[in-house]
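All remarks here apply to the structure that follows.
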Amino acid sequence: MRTMKTRIAGTLLGSALFLLTSIAAAEVAIITHPGTQEIGLSKDKVADVYLGKIKAFSDGTPTKPVDQSKDSPLRAKFYKAILGKTETEMNRYWSKRKYTGKGKPPVVVLSDDAVKELVANTPGAIGYIDGKSLDKSVKVILIIR
Amino acid sequence: MRIKTLSVLGLMCGLTAPAVSLAEVELSGYLTFATTYASTDNTGDITYYNALANTDHWDFDTRMNHVGVQIYSALTDKVSVTLALTAQGGQSGYEVTPEWAYGTYQFNQDWGLRMGRFKGPFYMVSDYRDVGYAYPWVRPPEEVYSTNPIKSVNGLDLVFQKTVNDVNYLLEIYGGSGTNETLVNANLAPGFCPPASCPYAPTDVPFEFETYNSAGFSASIGTEAITFRAGYYNTKVNAPPIVSAESGSFAGVGLIVDWRNILFYSEYVQRDTDNTPTMSVAFPDQNAWYATLGYRFSSFLPYVTFADIDEGNDAVPNALRQSSVALGLRWDIDDAAAVKFEAKQIDPGESSFGGPYAKYGLWDGALVDKGNVYTITFDTIF
């Protein structure tokens, strides 16, 4: 019984480790609507869109940032790489704004497919997905490795 | 087996479909739960800041406790509606009030007009003073934040908000009227509460407070690391039975530095009211300030706050006087929740007029020596 338990624990640990490494190795693709013509969409500009500081592209199209769920490892990786911020820091940022009419956090959708669908059909939208989920329906801005 | 799977899928579709249509309405909220304790050298019981803390027990039932729910819905690209209901604790039990309820018309990316009831941006954090999670302290320093008894304005608020080259600009111009309930210390402002009509101890008197012909602005400029703010608000006031058609103004400047692990908040405010016999008793001129310095060690933020309230432009006996030092610790226990501890030592100032008004500060009675107030809060957003 004891060996059995140990073996199960070992297997679980093994798959957890495997899962962690595969997540850590995943590429995050930052995508936008195929019609977005904005030039120079750098890391800093993407960050400003997610902070609500850039509210429209230079052609006047309103920007619409899209988030994944709080549990998504893609979200943590995106915020760390692009904004240099943790979930706690982002919560602190929005808590000063969203209850006072001074800003609205990005909409949250729950999967890569949902992000792609929304971004593909919304001019001005920006989102991020696992690199493996990329297809031609959206335009790639940046890849985080 | 296959049928079973299909029916589960069907059920899931049925469950998720309404959630998609509900995406038009966004719910969010905030909660603060607090306990307070006061200790003094006085022999009898005494309470701090309109019963915010009592000397004889840890009080879990103060008006610091509250939960708020915000409902937001964008009707079109330009028009949205926001409603927030707050249930606030205190001696008379939890009371639910619409803290704000307004429609927004967004002219373009930078200019918007809010119409309805909104939090007055009187001081630096006053428009999110109920969202404890958003600031370092257990509560905004009451030396400054007690000077304006009004929390909300019913009217119009024109908002300009823009970021250019990493500099954030915010300007709000607002005006309107409103009815507010506030509390007053009847020992210091006799006339508000004839003993027979006082629902509680005569030191903690709620009364209706009517404001009209109110107008103000709030402007801030800042980067991610440093924000400077200035604001001014002027209003006419009716506060039966003693104040009628008198006026008061509130001016303030503030600074927030949030640079690397260093946090610094400071504000200076002036309340300037009509120098009449009634106003100088009920709402005398006051000057107040605070400065907070903190340092983040990962999820811990220890801080120290120095604060002071003193007589204003027209020196009168009824002006409140106290200075305080507070040591606090904010601990972010989770992505969206914090526990805070604060010990505050308050020195009620001696009035240059002497007499019965000396040594009150924000306490409901005269102190024989310094007093301490301890506060523990749990703050979360959802």
### Message
Order B:98-107, B:166-175 from most to least packed using the mean count of other Cβ atoms within 10 Å.
### Response
B:98-107, B:166-175
#### Entry: Reduction of at least 30 Å² in accessible surface, 1.4 Å probe, comparing all protein chains with the chain by itself, residues of the range B:80-109
B:Gln109
### Summary
For the A:Lys132, B:Ser299 Cβ pair and Förster radius 22 Å, calculated FRET efficiency rounded to 0.05 is 0.05
### Query
Angle, helix B:2-21 long axis vs. longest principal axis of chain B, Cα atoms, 0 to 90°, nearest 10?
50 degrees
### Message
If packing is taken as the average number of other Cβ atoms within 10 Å across a peptide's residues, how do A:134-140, A:77-83 rank, most packed first?
### Response
A:77-83, A:134-140
### Query
Taking a probe of 1.4 angstrom, what is the accessible area of B:Arg117 in Å², to the nearest 10?
60 Å²
## Note on the structure
Convex hull around the C-alpha positions of the range B:73-169: the volume in Å³ per residue is 136 Å³
### Task
Quick one: dipole size for the protein assembly as shown, taken about the Cα centre, charges +1 on Lys/Arg Cβ and -1 on Asp/Glu Cβ, in debye to the nearest 20.
2640 debye
## Note on the structure
When the charge dipole of the range B:2-381 is computed with +1 at the Cβ of Lys and Arg and -1 at the Cβ of Asp and Glu, the Cα pointing farthest to the positive end, of B:Thr278, B:Tyr49, B:Ile256, is that of B:Ile256
### Message
If the only charges are +1 at each Lys and Arg Cβ and -1 at each Asp and Glu Cβ, what is the size of the charge dipole of the range B:2-381 around the Cα centre, to the nearest 20 debye?
### Response
1020 debye
## Note on the structure
Rounded to one decimal in nm, the spacing of the 7 Å Cα→Cβ label points at B:Val368 and B:Ser73 is 6.0 nm
### Per residue accessible area of the range B:2-381, 1.4 Å probe, in Å²
44 Å²
### Message
Please list 3J(HN,Hα) in residue order for the range B:360-374, calculated via the Karplus relation 6.51 cos²θ - 1.76 cosθ + 1.60 where θ = phi - 60°; whole Hz, with x for glycine and proline.
### Response
8, x, 9, 8, 8, x, 6, 8, 7, 8, 5, x, 10, 10, 10
### Query
Counting partner chain Cβ atoms within 10 Å of every residue's Cβ in B:155-164, what's the average?
2
### Message
Checking an interface number: how much accessible area is buried between A and B, summed over both chains, with a 1.4 Å probe, in Å² rounded to 100?
### Response
2300 Å²
### Query
Cα atoms only, the protein assembly as shown: Rg and Dmax in Å?
26.3, 88
### Task
Could you run the Karplus curve 6.51 cos²θ - 1.76 cosθ + 1.60 with θ = phi - 60° over the range B:74-87 and give me ³J(HN,Hα) per residue in whole Hz, x for Gly and Pro?
8, 7, 9, 4, 9, 10, 9, 10, 10, 9, 10, 10, 10, 9
### Message
Please compute the length gained on full extension between B:Trp58 and B:Phe382, using 0.36 nm multiplied by the number of residues separating them and subtracting their Cα-Cα distance.
### Response
113.9 nm
## Note on the structure
Between B:Ser39 and A:Leu110, the two model label points (7 Å from Cα along the beta-carbon direction) sit apart by a distance in nm of 5.1 nm
### Message
Can you compute the charge dipole magnitude of the range A:30-130 about its Cα centre, using +1 on each Lys and Arg Cβ and -1 on each Asp and Glu Cβ, nothing else charged? Give it in debye, rounded to the nearest 20.
### Response
600 debye
### Message
Taking the square root of 5 times each eigenvalue of the Cα gyration tensor, what semi-axes in Å does the equivalent ellipsoid of the range B:2-381 have, largest first?
### Response
37, 25, 22
### Summary
Residue span B:Gln345 to B:Asn168: 0.36 nm per residue of separation minus Cα-Cα distance leaves a gain in nm of 60.1 nm
### Message
Taking beta carbons within 10 Å but only from partner chains, what does the mean come to for residues B:129-136?
### Response
3
### Query
Considering every residue in A:82-93, what mean count of other chain Cβ atoms within 10 Å of its Cβ is obtained?
3
### Task
Give the carbon-plus-sulfur fraction of the accessible surface of the protein assembly as shown in %, rounded to a whole number; probe 1.4 Å, heavy atoms of protein chains only.
63 percent
### Query
For the residue pair B:Val81 and A:Ala81, what label-to-label distance in nm results when each label sits 7 Å from Cα along the Cα-to-beta-carbon direction?
4.2 nm
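The values are calculated or read from the model by the stated rules, or taken from the named source; none is laboratory data. Since this is a predicted model, take the numbers as computed values, not measurements. We place every Cβ from the backbone using ideal geometry, glycine too, and count neighbours over all the protein chains shown. Note: areas computed on protein heavy atoms with side chains; ligands, DNA, RNA excluded. Shrake-Rupley method; radii C 1.70, N 1.55, O 1.52, S 1.80 Å.
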